[in-house]
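Heads up, the thing below is written out as structure tokens.
Read the figures in this text as sums done on the coordinates, not as results from a lab. What you see is a predicted model, and the numbers here were worked out from it, not measured in a lab. Cβ coordinates were reconstructed from backbone atoms using ideal geometry, including for glycine residues, and neighbour counts include every protein chain displayed.
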Amino acid sequence: MSEILNMLDIDSVLKYSIALAIILAVRLFCPIVSRIIIFIFHKIFKVETKSSESGFYGPLKFLFTVIGFGIAIYYLKLPEGIINLYNKIFKIILIAVVAKSLTNCLTPNSTFFTKLESSTRFNGNEQLNAFIAKILKTIIYIAAAFMIMADFGYNLGGLAAGLGIGSAALALAAQDFVKNIIGGIAIISDRTFEIGDYIQIGTYCGTVIDITFRSTKIRDNQNTIISIPNLVIVTEYVQNWSKIKSRRFETRLRLGLETSTETINSCIGKIKTILKTNDNIDSETIIVTLEEIKEDSNVLWIVAYLKTGDYDEFVRIREKVNCSILDVLERENIDLVYPTQRVYMKSL
């Protein structure tokens, strides 16, 4: 045992123990320091968000942890190569932390958009804010990437010159992409639809789940996600079923020719009464009439508008109305007939 202790350099053990203690101490106190710094900035800029809920909180804690490692490295007086490597890594992490902090603050309901709306005429909805946030996040990440590349010694001037040489080809390739971005801005600014709306675009129907730079994603009735380019949407007719305030209920009843006029009038009166007494139906839109007398039946035409735009609720109300109509037919002993077709055969 004594031989082992003699082999150990007590000073080195103590030195590395202190370095480890520095890292642990910084890691322990970095949440407290981060909250204090964020609290001070919130007071200066009059931000009401809690320090722990700030977009800067997580990245700032990580940055202080990295600083703790740096203090330990400098304390240990490690070789210059390791110190230079740490300095290079720290610059990259610092740029990434700033970029991440800024993007964390760009949410639709963030203080950024609240301040923007209060200080300017900007009055975007949550969907428009989300779209603008995506654009700003992309710009921030691109700027951070260029700064990191510059720190690694890449010649950005040469890169820009190379892009200038291929700008014609790039412009041709990016035409549709730019058009889709413009289309996305038009969709959001016009407020044609929002996330959660049920829309129909051409032959596609579904619920909007996301609007990106290039496309709009909808989930159809088969639970399949369909991605439609924004350029296509702005050139098509869009039906937003979620924006309607009422839905049309319409049906036709084929009564047998043997049904008497008195029975038909009684049936019409009772159906009108049922519809008018239903709170879910606009009474001014009710139509119940003997539409047509055909060769095989008397056709009743029933039309009414239900006071709902939600499709699921419309289906439930329609079911109850249909059951009520069938109940009237049963009480009047009226049988519905199927469409018939007469076939004449010529004997030879």
Longer than 26 Å from Cα to Cα, which of K179/K217; K270/K320; K61/K88; K137/K217; K46/K243 are they? Say none if no pair is. K46/K243
Residues of the stretch 299-327 with amide nitrogen under 20 Å from the 7 Å Cα-to-Cβ point of E284? 303-309
Please label the shape of the stretch 3-81 as rounded, prolate or oblate, based on the square roots a ≥ b ≥ c of the eigenvalues of the alpha-carbon gyration tensor (a/c under 1.5 means rounded; beyond that, a/b larger than b/c means prolate, else oblate). prolate
Working out 0.36 nm times the residue gap between Y204 and T65, then minus their Cα-Cα distance, what length gain in nm do you get to one decimal? 45.0 nm
Can you list residues whose amide H is under 5 Å from F249's amide H, if they're 5+ apart or on another chain and H is modeled 1.01 Å from N? A304, Y305, L306
Per residue of the stretch 292-309, in order, report the coupling 6.51 cos²θ - 1.76 cosθ + 1.60 (Karplus, θ = phi - 60°) as ³J(HN,Hα) in whole Hz, putting x for Gly and Pro. 7, 10, 9, 5, 10, 6, 9, 9, 9, 10, 10, 9, 7, 10, 8, 7, 7, x
For the stretch 139-145, in order, what is each residue's ³J(HN,Hα) by Karplus, 6.51 cos²θ - 1.76 cosθ + 1.60 with θ = phi - 60°, in whole Hz (x at glycine and Pro)? 4, 5, 5, 5, 4, 5, 5
Please list, in order along the stretch 27-44, the HN-Hα scalar couplings obtained from phi with the Karplus expression 6.51 cos²θ - 1.76 cosθ + 1.60 (θ = phi - 60°), rounded to whole Hz, x for Gly and Pro. 5, 6, 8, 4, x, 5, 5, 4, 5, 5, 4, 5, 4, 5, 5, 5, 5, 5
Within 15 Å, Cβ to Cβ, of R252, how many net charges do the neighbouring residues add up to if Lys/Arg are +1 and Asp/Glu are -1? 0
For the stretch 177-243 (alpha-carbon point model, no solvent) the Debye-based log₁₀ I(q)/I(0) at q = 0.13, 0.14, 0.22, 0.23 Å⁻¹ works out to -0.28, -0.33, -0.84, -0.92
In nm, to one decimal, how far is the N223 label point from the T107 one, both placed 7 Å along Cα→Cβ? 2.9 nm
Take every Cα-Cα pair in the stretch 252-348 and report what % of them are more than 20 Å apart. 43 percent
Two pseudo-spin positions, 7 Å from Cα along C-beta at K43 and at L336, lie apart in nanometres by 7.4 nm
